[in-house]
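Asks: Submitted below is the structure of interest, expressed as structure tokens.
The values are calculated or read from the model by the stated rules, or taken from the named source; none is laboratory data. Not measured: the values here are computed from a predicted model. Quick reminder, even Gly has a Cβ in these numbers, built from the backbone with ideal geometry, and neighbours come from all protein chains shown.
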Number of protein chains: 4
Amino acid sequence: MTKVLVTGFDPFDNEPVNAAWEVVRELDGVQTNAAEIVVRQIPTVFGDSISRLYQAMDDVQPDVIVCVGQAGGRSAVSVERIGVNMSDARIPDNNGVSLVEAPIDTDGADGYFSSLPVRSIVEAIRGAGIPAEESWSAGTYVCNHLLYGLMRRLKQSPWAERGVTGGFIHIPFLPEQAARNKNAPSLSAELVRKAVLIAVDTACLK
Amino acid sequence: MTKVLVTGFDPFDNEPVNAAWEVVRELDGVQTNAAEIVVRQIPTVFGDSISRLYQAMDDVQPDVIVCVGQAGGRSAVSVERIGVNMSDARIPDNNGVSLVEAPIDTDGADGYFSSLPVRSIVEAIRGAGIPAEESWSAGTYVCNHLLYGLMRRLKQSPWAERGVTGGFIHIPFLPEQAARNKNAPSLSAELVRKAVLIAVDTACLK
Amino acid sequence: MTKVLVTGFDPFDNEPVNAAWEVVRELDGVQTNAAEIVVRQIPTVFGDSISRLYQAMDDVQPDVIVCVGQAGGRSAVSVERIGVNMSDARIPDNNGVSLVEAPIDTDGADGYFSSLPVRSIVEAIRGAGIPAEESWSAGTYVCNHLLYGLMRRLKQSPWAERGVTGGFIHIPFLPEQAARNKNAPSLSAELVRKAVLIAVDTACLK
Amino acid sequence: MTKVLVTGFDPFDNEPVNAAWEVVRELDGVQTNAAEIVVRQIPTVFGDSISRLYQAMDDVQPDVIVCVGQAGGRSAVSVERIGVNMSDARIPDNNGVSLVEAPIDTDGADGYFSSLPVRSIVEAIRGAGIPAEESWSAGTYVCNHLLYGLMRRLKQSPWAERGVTGGFIHIPFLPEQAARNKNAPSLSAELVRKAVLIAVDTACLK
């Protein structure tokens, strides 16, 4: 059985909930046909988000890592293609830190591709009747920060040798958030949870 | 108990389903705190849509009429404010008829306001955590056609004397439609059905 | 020679300029093939905007009236189809007045159509290589207020008998406004001025 | 005097013109305070676009390279941040070639940052009253292809040693294109040309 680490963030930007956490919190311990899921929460904080992810990876020793974050304004489940080596924030993180054009790793590559089967995941989710798309930008806030940190580590020992794969999925607001946020597009937690499970199984079966 | 006529359209524009019909079909016979609901399907056809609505009104003798239609591309439940005296269609109706700048009623007013409590309905739906908005244009296809025909009749005897009210609600694609339509925004049938029930009760209690 | 009254508003909502005024101010006294243009400024104020328009109409005795207003966020010249009998404002007018669901004329019709040849104007503007569209909502701020007031008067004596026509055109931000407003779409004053002249001539030749 | 190579593409996707070429063609031989500009056209073709750019670089021996491409649908001048190692096309290139998830360089990095002073350029353009923004995705068509090829070469000898910098700027449709394309946002050639000159001078003065 493939072991999959799924992460979600805590709320930020004065929102009472984070759609990503609402979606993934109920997946801890779930067994699918292909996978056994372990869920961990990640703080919406530059720096700490990456170290908490690394700690969870060390503890869980997963074969696949799927990080999930909220992207208010999008209307579909967005499977990210690349993390970039820059943090640049419109709003401070949950520790009050604002970063401006700050590299994440001064020795790192400019960008790292996700190693999830992005296109297959998008097609599988859409095949289940749930709106999904590829995305070529995870932004420059903590979501991209975590994706970059994840992919950088997966290129290194011992993760590279073990063939561990991972990536990031952005999700729309929940309807109750959208009702408070100028009627932005939304998807229900149930549908997005189903989409995350499809992503997990697609990643495991590749 | 207030009697409420709720209508939905059949599918059009090569879509296998019409979100409005999927939402309202299950409401036939439902009793809420304030209302008893009767549901009728309306054809997506200029002319016939109005005559079928009038026939349903004559049969059911409702106190309130809520017509529901699909507006692909919108992200929130949209309570319409006004029907206008023009049909002008990008796509033919289900009888193959295309109309260009055609008045609906050559003796009619330019526009008729909905007599539903639009703002109260929007606030009540949003209060239930479902994205909702007012809309000042129902377009110029069959949805507006029906709204205009409805409001014109409600200004006349005997409907005006009896104080019968009515209006129109546009709803987004269902997620499964959005997954086939370039990831347009969507709302689930369950949430929209709840929104329609809130609209019905708000209209009855005013 | 047909006499045409063209109006534009003064700046509002803390903008240093109003795109509409920047566009039309230079048209005063211009003679086209079909028209002689008189320009007047209208205050962005409920009530006063209509009385100032009526005063200008009485002074100028125009055959055609084209009111122009700014609609930040739109990307094309938008020829409005209808004015509605409601004022409901997100922001106060330039006298500090906010209106909520307020009828403009308690005895008035719900809506009045523009009597400009809307479709011909849109086609003529696009034919000149300038983005243009029809619009079915002029909003519920002072622009709609003025359009409703204009069309109400043109239905009455002596304007109706004389066959005076009129309507409203919404225009995008100017580029310099868009550069300050989150990169909203824009059109240059030169292009929009050309579009207004095309609208004027199209209205005169019908 | 700094020598700057500016490139634009030929028309594609059945458009009679390419906004980028219309903008840059008139800049050949222009001298600004800081720069002497040489303009070359690049074919909208995978592979050839890069070889033609390299040939132009060899001929011109520029200090700065600014490639310009059309991005229909955007409303502001978009200074790109990164080119990614993938070509994946909705439409075939001008040689009829379609690529699906194809790496540009099988030995290349996943992405390369632009070495233009992106933020300074955006601020300078906006300061001149022209809408501008940073962009984190140049897409996966020929524009990104060229940007990736450019940045890969600038990391290598002798370009890296000489400190040659470069990058890519996406521009909106021209108004006449937008008038034919569903009223997409647009900017006039004059304004965009001014923006490109500002970008050139900002890049030279850094």
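Asks: For region C:125-146, which positions are within 11 Å of chain D (Cβ to nearest Cβ) and part of a helix (DSSP H, G or I)?
Replies: Within region C:125-146, C:Ile125, C:Arg126, C:Gly127 meet the criteria.
Asks: Ok, one more. Looking at (1) more than 10 Å from chain C (Cβ to nearest Cβ); (2) in contact (Cβ under 8 Å) with a residue 40 or more places away in the chain, which is the only condition D:Glu161 fails?
Replies: Evaluating D:Glu161 over (1) more than 10 Å from chain C (Cβ to nearest Cβ); (2) in contact (Cβ under 8 Å) with a residue 40 or more places away in the chain leaves (2) as the failure.
Asks: Please give the number of the condition D:Val142 fails out of (1) of a type outside the set (Ser, Thr, Tyr); (2) more than 14 Å from the chain's Cα centre (by Cα); (3) buried (at least 19 other Cβ atoms within 10 Å of the Cβ); (4) closer than 22 Å to D:Asp28 by Cβ.
Replies: Among (1) of a type outside the set (Ser, Thr, Tyr); (2) more than 14 Å from the chain's Cα centre (by Cα); (3) buried (at least 19 other Cβ atoms within 10 Å of the Cβ); (4) closer than 22 Å to D:Asp28 by Cβ, the lone unmet condition for D:Val142 is (2).
Asks: Select from region A:147-158 the residues that are in contact (Cβ under 8 Å) with a residue 12 or more places away in the chain and either more than 9 Å from every other protein chain (Cβ to nearest Cβ) or within 27 Å of B:Ser186 (Cβ to Cβ) (or both) and list them in ascending order.
Replies: A:Leu147, A:Tyr148, A:Gly149, A:Leu150, A:Arg152, A:Arg153, A:Leu154, A:Lys155
Asks: Is region C:165-175 home to any residue that is surrounded by fewer than 20 Cβ atoms within 10 Å (Cβ to Cβ), in contact (Cβ under 8 Å) with a residue 12 or more places away in the chain and at the interface with another protein chain (Cβ under 10 Å from one of its Cβ atoms)?
Replies: Scanning region C:165-175, I find no residue that is surrounded by fewer than 20 Cβ atoms within 10 Å (Cβ to Cβ), in contact (Cβ under 8 Å) with a residue 12 or more places away in the chain and at the interface with another protein chain (Cβ under 10 Å from one of its Cβ atoms), so the answer is no.
Asks: Please pick out the residue among B:Val79, B:Val84, B:Val24, B:Val122 that is modelled with pLDDT of 95 or more, in contact with a Gly (Cβ under 6 Å, 6 or more places away or on another chain), among the hydrophobic types (A, V, I, L, M, F, W, C) and under 23 Å from C:Ser137 (Cα atoms).
Replies: B:Val84
Asks: Any idea which residue in region A:188-204 is surrounded by the most Cβ atoms within 10 Å (Cβ to Cβ), counting only those that are within 14 Å of chain B (Cβ to nearest Cβ) and in contact with a strand residue (DSSP E or B) (Cβ under 7 Å, 6 or more places away or on another chain)?
Replies: This residue is A:Ala195.
Asks: Scan region C:145-152 and tell me whether some residue there is surrounded by fewer than 18 Cβ atoms within 10 Å (Cβ to Cβ) and of a type outside the set (A, V, I, L, M).
Replies: no
Asks: Under 6 Å between Cβ atoms, at least 6 apart or on separate chains: pull out the pairs that start in region C:112-132 with a residue that is under 13 Å from C:Val196 (Cα atoms) and end on any residue that is basic (Lys, Arg).
Replies: Within 6 Å, the pairs are C:Val118/C:Arg81; C:Ala132/C:Arg126.
Asks: What are the residue pairs meeting all of these: first residue in region A:178-206, first residue among the polar types (S, T, N, Q), second residue part of a helix (DSSP H, G or I), Cβ atoms under 7 Å, and 6 or more apart or on different chains?
Replies: Between residues of region A:178-206 that are among the polar types (S, T, N, Q) and residues that are part of a helix (DSSP H, G or I), the close pairs are A:Ser186/A:Pro175; A:Ser186/A:Gln177; A:Ser186/A:Ala178; A:Ser188/A:Pro175; A:Ser188/B:Leu191; A:Thr202/A:Ser120; A:Thr202/A:Ile121; A:Thr202/A:Ala124.
Asks: Quick one: in region C:168-206, of everything that is among the aliphatic types (A, V, I, L, M) and within 13 Å of C:Val17 (Cα to Cα), which residue is farthest from the chain's Cα centre (by Cα)?
Replies: The extreme case among them is C:Ala178.
Conditions tested, residue by residue: (1) of a type in the set (D, E, K, R); (2) within 19 Å of B:Ala124 (Cβ to Cβ); (3) touching a Pro at 6+ places or on another chain (Cβ under 9 Å); (4) within 14 Å of chain A (Cβ to nearest Cβ).
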{"residue": "B:Arg40", "(1), (2), (3), (4)": "yes, no, no, no"}
{"residue": "B:Gln55", "(1), (2), (3), (4)": "no, no, no, no"}
{"residue": "B:Val60", "(1), (2), (3), (4)": "no, no, no, no"}
{"residue": "B:Val64", "(1), (2), (3), (4)": "no, yes, no, no"}
{"residue": "B:Gly69", "(1), (2), (3), (4)": "no, no, no, no"}
{"residue": "B:Gly72", "(1), (2), (3), (4)": "no, no, yes, yes"}
{"residue": "B:Ser75", "(1), (2), (3), (4)": "no, yes, yes, yes"}
{"residue": "B:Ile82", "(1), (2), (3), (4)": "no, no, no, no"}
{"residue": "B:Met86", "(1), (2), (3), (4)": "no, no, yes, no"}
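Asks: Further question on the same structure: Which count do you get for residues in region B:99-117 that are at the interface with chain C (Cβ under 9 Å from one of its Cβ atoms) and either of a type in the set (Ser, Thr, Tyr) or not in a loop (DSSP other than H, G, I, E, B) (or both)?
Replies: Result for region B:99-117: 3.
Asks: Does region B:56-78 contain any residue that is acidic (Asp, Glu), crowded, with 21+ Cβ neighbours inside 10 Å and in contact (Cβ under 8 Å) with a residue 24 or more places away in the chain?
Replies: Among the residues of region B:56-78, not one is acidic (Asp, Glu), crowded, with 21+ Cβ neighbours inside 10 Å and in contact (Cβ under 8 Å) with a residue 24 or more places away in the chain, which makes the answer no.
Asks: Report yes if some residue within region B:6-21 is assigned to a loop (DSSP other than H, G, I, E, B), of a type outside the set (A, V, I, L, M), within 16 Å of B:Tyr148 (Cβ to Cβ) and in contact (Cβ under 8 Å) with a residue 12 or more places away in the chain; otherwise report no.
Replies: Within region B:6-21 (the criterion being assigned to a loop (DSSP other than H, G, I, E, B), of a type outside the set (A, V, I, L, M), within 16 Å of B:Tyr148 (Cβ to Cβ) and in contact (Cβ under 8 Å) with a residue 12 or more places away in the chain), the answer is no, since none of the residues qualifies.
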